[in-house]
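Inspection log for the structure reproduced underneath, given as structure tokens.
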There are 2 protein chains.
Amino acid sequence: MADTTGELTGDDRELWERWTRAQRLLASEVDRRLQTRCGVSKAEFSVLVTLFRAPDEELRVVDIAETLDWDKSRVAHQLTRMESRALVDRVESGARGRRTGVRLAPEGRRLTAEATAVHARALREVFFDVASPAQLRAIDSWSSAMISRAGAPARDDDA
Amino acid sequence: MADTTGELTGDDRELWERWTRAQRLLASEVDRRLQTRCGVSKAEFSVLVTLFRAPDEELRVVDIAETLDWDKSRVAHQLTRMESRALVDRVESGARGRRTGVRLAPEGRRLTAEATAVHARALREVFFDVASPAQLRAIDSWSSAMISRAGAPARDDDA
DNA sequence: CACACATAGTTGTCGTATCAACTCGTCACC
DNA sequence: GGTGACGAGTTGATACGACAACTATGTGTG
């Protein structure tokens with residue numbers, strides 16, 4: 001609230017830079033572990049977990065897009081790649097009238113279990129066991145405020 | 001600290017998802033403002049600010065790469081695009097022996113000033129004026145801990 | 001039944017990020 | 001003074017994400 005131009009103090013600027021840098025370090029460390037230990041990208045993991053949580057492990061493209069807050073074409077492209085890796089199957093629905101569905105393939109289910117464990121362990125080691133309870137509370141309350149302020153819905157990646 | 005597998009509690013998982021979502025909302029809002037109000041992408045802005053802060057507004061590709069923690073080829077590609085927009089010039093150094101340098105072009109300098117103001121105002125409105133002082137302190141202390149834990153150097157984008 | 005219209009999904013294009021290969025100049029050493 | 005290693009920079013291949021155009025499958029109304 002210094003002035004009317006929205007300028008920042010040097011301290012503010014440094015805080016912002018530290019914070020974005022810390023976020024980036026954390027995210028890339030988690031991604032790196034997923035990639036090197038399971039051969040799964042963050043995007044793939046997001047899709048796998050979303051499907052895994054769904055009833056019958058089946059969803060429509062649009063459901064995945066809404067859950068992850070992705071563009072539907074991004075989902076389609078991603079599914080094409082994952083289908084070629086035999087992680088998911090595009091099925092002729094049957095259930096919901098006549099639309100197509102996407103299901104976890106056996107290999108996808110196996111990978112999901114493996115990656116979920118790696119992901120959880122990574123989060124604990126590089127985040128939850130590093131931050132103090134007070135820091136976690138502050139981060140969480142800020143997150144909630146930010147989200148409710150934006151009003152938006154979806155959930156996104158990083159199960 | 002539940003067990004030896006690194007599993008997370010449901011609360012932890014929700015906290016993590018809220019937090020990554022909040023980060024994403026904040027970052028995309030700032031990026032969106034930069035893009036729509038100045039026609040500058042986050043990557044372009046990072047390069048502009050890095051050059052602007054440098055002595056003589058001139059750096060080598062490698063300096064930019066280290067400062068932003070980018071791959072040098074990413075910098076080269078980015079500079080090619082920005083050069084075609086007349087935001088930067090590749091100069092025949094002169095100073096440092098015979099290597100090439102990168103300088104802010106006049107249009108780049110103008111844009112930097114404009115974008116810096118927009119960026120600062122955006123940060124104030126969507127971040128500093130939203131978070132409480134206590135939250136900011138906690139976020140900052142966590143960031144510092146995270147960075148020193150990683151030991152890493154560079155500074156990255158988002159001036 | 002036909003027509004328009006909405007919804008779901010795919011495809012193509014472009015800009016961007018990563019990786020590896022390549023060029024070119026500098027320097028050390030024989 | 002050649003030659004080989006190294007550092008700096010560029011380029012090309014490939015993958016990914018955003019956006020828009022297109023296809024195909026409902027749904028509604030005359």
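The values are calculated or read from the model by the stated rules, or taken from the named source; none is laboratory data. Bear in mind the structure is a predicted one, so any value in this text is a computation, not a measurement. Here Cβ is always computed from backbone atoms with ideal geometry, including for glycine, and neighbour counts include all displayed protein chains.
Take the stretch B:39-60 and flag every residue that is in a helix (DSSP H, G or I) and within 16 Å of the chain's Cα centre (by Cα).
If we filter the stretch B:39-60 for residues that are in a helix (DSSP H, G or I), which is where we start, we get B:42-53, B:55-57.
Hits for the stretch B:39-60 are B:LYS42, B:ALA43, B:GLU44, B:PHE45, B:SER46, B:VAL47, B:LEU48, B:VAL49, B:THR50, B:LEU51, B:PHE52, B:ARG53.
Yes or no: the stretch B:51-59 includes at least one residue that is within 14 Å of DNA strand C (Cβ to nearest atom), of a type outside the set (A, V, I, L, M, F, W, C) and touching a residue at least 12 places away in the same chain (Cβ under 8 Å). There is no residue in the stretch B:51-59 that is within 14 Å of DNA strand C (Cβ to nearest atom), of a type outside the set (A, V, I, L, M, F, W, C) and touching a residue at least 12 places away in the same chain (Cβ under 8 Å).
Can you tell me how many residues within the stretch A:1-12 are more than 7 Å from every other protein chain (Cβ to nearest Cβ) and modelled with pLDDT of 85 or more? So that I can check it myself, show each step before the final result.
Quick first cut of the stretch A:1-12, residues more than 7 Å from every other protein chain (Cβ to nearest Cβ) only: A:1-4, A:9-11.
Subset that is modelled with pLDDT of 85 or more: A:11.
Matching residues across the stretch A:1-12 total 1.
Would you be able to say whether some residue in the stretch A:102-120 is touching a residue at least 40 places away in the same chain (Cβ under 8 Å), of a type in the set (Gly, Ala, Ser) and closer than 30 Å to B:ARG149 by Cα? Full working, then the answer.
Step one: filter the stretch A:102-120 for residues touching a residue at least 40 places away in the same chain (Cβ under 8 Å), giving A:102-104, A:108-109, A:111-112, A:114-116, A:118-119.
Then keep just the ones that are of a type in the set (Gly, Ala, Ser); that gives A:108, A:115.
Pick out the ones that are also closer than 30 Å to B:ARG149 by Cα and you get A:115.
Yes, the stretch A:102-120 contains a residue that is touching a residue at least 40 places away in the same chain (Cβ under 8 Å), of a type in the set (Gly, Ala, Ser) and closer than 30 Å to B:ARG149 by Cα.
You will find that of B:THR50, B:THR100, B:THR67, the residue that is more than 24 Å from A:LEU8 (Cβ to Cβ) and out of contact with any Phe, Trp or Tyr (no Cβ under 9 Å at 6 or more places or on another chain) is B:THR100 and no other.
Scanning the stretch B:14-32 for residues that are surrounded by fewer than 20 Cβ atoms within 10 Å (Cβ to Cβ) and more than 7 Å from chain A (Cβ to nearest Cβ), we see that the one that is farthest from B:GLU44 (Cα to Cα) is B:GLU14.
Scanning the stretch B:100-132 for residues that are assigned to a loop (DSSP other than H, G, I, E, B) and within 16 Å of DNA strand D (Cβ to nearest atom) turns up B:THR100, B:ALA105.
Taken over the stretch A:4-52, the residue count meeting the criterion of being farther than 30 Å from B:HIS119 by Cβ and of a type outside the set (Gly, Ala, Ser) is 15.
Looking for something within 12 Å of DNA strand C (Cβ to nearest atom), assigned to a helix (DSSP H, G or I), within 14 Å of chain A (Cβ to nearest Cβ) and touching a helix residue (DSSP H, G or I) at 6+ places or on another chain (Cβ under 7 Å) - is there at least one such residue anywhere in the stretch B:68-86? There is at least one residue in the stretch B:68-86 that is within 12 Å of DNA strand C (Cβ to nearest atom), assigned to a helix (DSSP H, G or I), within 14 Å of chain A (Cβ to nearest Cβ) and touching a helix residue (DSSP H, G or I) at 6+ places or on another chain (Cβ under 7 Å). For the stretch B:114-126, taking the residues that are under 15 Å from B:VAL47 (Cβ atoms) and either within 12 Å of another protein chain (Cβ to nearest Cβ) or of a type in the set (Phe, Trp, Tyr) (or both), the one that is surrounded by the fewest Cβ atoms within 10 Å (Cβ to Cβ) is identified as B:THR116.
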